[in-house]
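The values are calculated or read from the model by the stated rules, or taken from the named source; none is laboratory data. Computed from a predicted structure; not experimentally measured. Here the Cβ positions follow ideal geometry from the backbone for every residue, glycine too, while neighbour counts run over all protein chains shown.
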Amino acid sequence: MNLERMYECMGICREVHAYGQKIEKELSARFEAIDEAAEYNQLKVLHAMQKCRVSDVHFAGSSGYGYNDLGRDTLEAVYAEVFHTESALVRPQITCGTHALAVALAANLRPGDELLAISGKPYDTLEEVIGIRPSNGSLMEYGITYRQVDLKPDDSFDLEGIRASMNEHTKLVHIQRSKGYQTRRTLSVEGIGKAVAFVKSINPDVICMVDNCYGEFVERIEPTDVGADLCVGSLIKNPGGGLAPTGGYIVGKHAYVENCAYRLTSPGLGKEVGATMGLNQSFYQGFFLAPTVTAGALKGAVFAANLYERLGFDVLPDGQESRHDIIQAITFGTPEGVIEFCRGIQAAAPVDSYVEPEPWAMPGYDSDVIMAAGAFVQGSSIELSADGPVKPPYAVYFQGGLTWEHAKFGILMSLQKLTDAGLAKLPADE
Ligand SMILES: *Cc1c(COP(=O)(O)O)cnc(C)c1O
């Protein structure tokens with residue numbers, strides 16, 4: 001059976017497949033550059049593991065208090081090496097990205113301090129953490145105030161706005177690398193470095209924290225390479241490589257990471273406790289695979305941008321521009337477009353491919369959200385997944401794919417569903 005026929009058996013018609021092949025052919029130079037970044041980052045991770053003398057004794061699990069968990073402590077040394085930081089906290093007890101960010105904020109802010117977000121409104125789930133939307137246990141309830149400076153219309157930092165918003169209470173500056181559920185551009189690491197330098201020129205004592213979700217290993221440098229004091233992310237996104245079944249990380253300056261450890265566990269206990277219960281091996285192995293897994297996801301994002309752009313949909317980033325995270329936004333303009341796209345991604349999954357996703361009121365979000373996720377790890381968005389709030393402009397956010405081949409299939413399946421529903425039309429010459 002040839003490849004085209006195999007796709008047909010999997011539900012992709014000849015026309016959609018041919019259109020996909022044509023787009024893929026045009027992307028060979030882009031894909032080569034992605035592979036080169038993966039090669040570089042693969043060596044970076046390998047170097048860290050060799051330098052930290054990772055050995056199979058580190059894969060043993062601890063229980064109870066988790067005192068002297070050598071595997072856990074060495075994994076943290078590996079993360080610190082890769083991110084070029086003094087310290088790292090990498091734990092299964094960090095339940096998700098939001099939790100990691102909430103820990104980093106609550107650990108380093110005290111009553112009377114002010115948090116300043118300089119890349120606009122933070123990710124939806126942080127609204128309740130901060131208290132932008134009133135919530136039980138928010139930072140606001142503890143007397144921590146919040147200020148926000150939006151990016152300028154061209155998505156650059158509003159330096160004068162930042163200067164005007166910094167005051168004697170400003171303790172921590174929040175920068176979000178990825179766009180999240182917004183139709184703005186993702187920030188480059190270089191751009192983040194310039195913003196950090198600007199903040200430090202006004203007050204060198206302000207802590208600069210970057211929400212690094214979805215950004216890890218997309219570039220050759222990370223925000224901690226350009227002056228960020230703290231960098232935070234989820235292990236069921238890029239750095240877990242698809243193998244970490246849960247967890248989050250915080251890397252950065254020793255004192256700030258220590259604060260996080262005291263907040264995560266308890267004052268006085270900090271990093272000393274926290275059993276890993278057999279998860280160390282998947283954390284190491286996932287981190288080892290993360291550069292190439294991220295590359296596969298990145299190719300999927302570039303492919304989707306070019307595929308849908310040519311059909312007349314608004315895509316962000318566009319087909320040509322450089323990439324700083326693995327998220328691809330596609331604006332369909334109708335709820336049906338968002339829903340059919342997500343149904344296509346779901347239908348392409350290795351797990352739960354037979355279920356039809358429906359919009360629902362997900363905790364932490366202010367509108368109905370539809371999610372396609374047929375993942376081995378629940379909610380893992382380094383695996384092929386798509387989600388979108390069902391509200392104007394009806395954009396879908398697509399990410400992941402543990403392999404490029406799977407990402408490609410999922411995107412073709414989404415296009416198949418859209419064309420079947422009459423919501424997208426292939427170019428006339430296909
Ligand atoms: C995913 C994400 C988060 C939150 O992570 P969860 O694991 O879903 O809680 C925060 N910020 C950004 C930019 C994200 O992409």
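Do you know which residues across region 94-132 are outside any helix (DSSP H, G or I), near the ligand (Cβ under 9 Å from one of its atoms) and either buried (at least 21 other Cβ atoms within 10 Å of the Cβ) or modelled with pLDDT of 95 or more (or both)?
The answer is 95, 96, 122.
Results for (1) of a type in the set (A, V, I, L, M); (2) assigned to a strand (DSSP E or B); (3) within 15 Å of residue 397 (Cβ to Cβ), shown as yes or no for each residue.
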| position | (1), (2), (3) |
| --- | --- |
| 329 | yes, yes, yes |
| 343 | no, no, no |
| 351 | yes, no, no |
| 356 | no, no, no |
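Hey, could you check region 306-327 for residues that are within 16 Å of the ligand (Cβ to nearest atom) and part of a loop (DSSP other than H, G, I, E, B) and say which is nearest to residue 242 (Cα to Cα)?
326
Given the condition assigned to a helix (DSSP H, G or I), touching a strand residue (DSSP E or B) at 6+ places or on another chain (Cβ under 9 Å), within 16 Å of the ligand (Cβ to nearest atom) and not charged (D, E, K, R), answer yes or no: does some residue in region 159-182 qualify?
no
Residue pairs, Cβ under 6 Å, 6 or more apart or interchain, first in region 313-325 and under 9 Å from residue 302 (Cα atoms), second away from the ligand (no atom under 16 Å from the Cβ) and modelled with pLDDT of 95 or more. List them.
Between residues of region 313-325 that are under 9 Å from residue 302 (Cα atoms) and residues that are away from the ligand (no atom under 16 Å from the Cβ) and modelled with pLDDT of 95 or more, the close pairs are 319/305; 319/306; 319/309.
Name the one entry in 341, 287, 303 that is closer than 18 Å to residue 183 by Cβ, away from the ligand (no atom under 16 Å from the Cβ) and of a type in the set (Phe, Trp, Tyr).
341
Here is a yes/no grid of residues against (1) aromatic (Phe, Trp, Tyr); (2) touching an Asp or Glu at 6+ places or on another chain (Cβ under 6 Å); (3) outside the structural domain of residue 92 (by TED's automatic domain parsing):
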site	(1), (2), (3)
193	no, no, no
198	yes, no, no
207	no, yes, no
216	no, no, no
240	no, no, no
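Is it true that residue 255 is of a type in the set (A, V, I, L, M, F, W, C) and out of contact with any helix residue (DSSP H, G or I) (no Cβ under 7 Å at 6 or more places or on another chain)?
For residue 255, the condition - of a type in the set (A, V, I, L, M, F, W, C) and out of contact with any helix residue (DSSP H, G or I) (no Cβ under 7 Å at 6 or more places or on another chain) - is met.
If I ask for residues that are in contact with a Lys or Arg (Cβ under 6 Å, 6 or more places away or on another chain) and in contact (Cβ under 8 Å) with a residue 60 or more places away in the chain, which ones from region 118-177 would you list?
Matches in region 118-177: 127 only.
Listed residues 251, 257, 210; which is of a type in the set (A, V, I, L, M, F, W, C), surrounded by 19 or more Cβ atoms within 10 Å (Cβ to Cβ), away from the ligand (no atom under 13 Å from the Cβ) and part of a strand (DSSP E or B)?
Step by step, each of 251, 257, 210 is checked, and only 251 is of a type in the set (A, V, I, L, M, F, W, C), surrounded by 19 or more Cβ atoms within 10 Å (Cβ to Cβ), away from the ligand (no atom under 13 Å from the Cβ) and part of a strand (DSSP E or B).
Output the residues belonging to region 216-245 that are crowded, with 21+ Cβ neighbours inside 10 Å and at positive phi.
217, 241, 242
Count, please, the residues in region 183-199 that happen to be away from the ligand (no atom under 15 Å from the Cβ) and touching a strand residue (DSSP E or B) at 6+ places or on another chain (Cβ under 7 Å).
3
Given the conditions (1) more than 22 Å from the chain's Cα centre (by Cα); (2) at negative phi; (3) of a type in the set (Gly, Ala, Ser), report the number of the one that residue 373 does not fulfil.
(1)
Could you list all residues from region 292-312 that are surrounded by fewer than 24 Cβ atoms within 10 Å (Cβ to Cβ) and of a type in the set (S, T, N, Q)?
292, 306, listed by residue number.
How many of the residues making up region 376-414 are assigned to a helix (DSSP H, G or I) and either over 20 Å from the mean Cα position of the chain (by Cα) or within 11 Å of the ligand (Cβ to nearest atom) (or both)?
5
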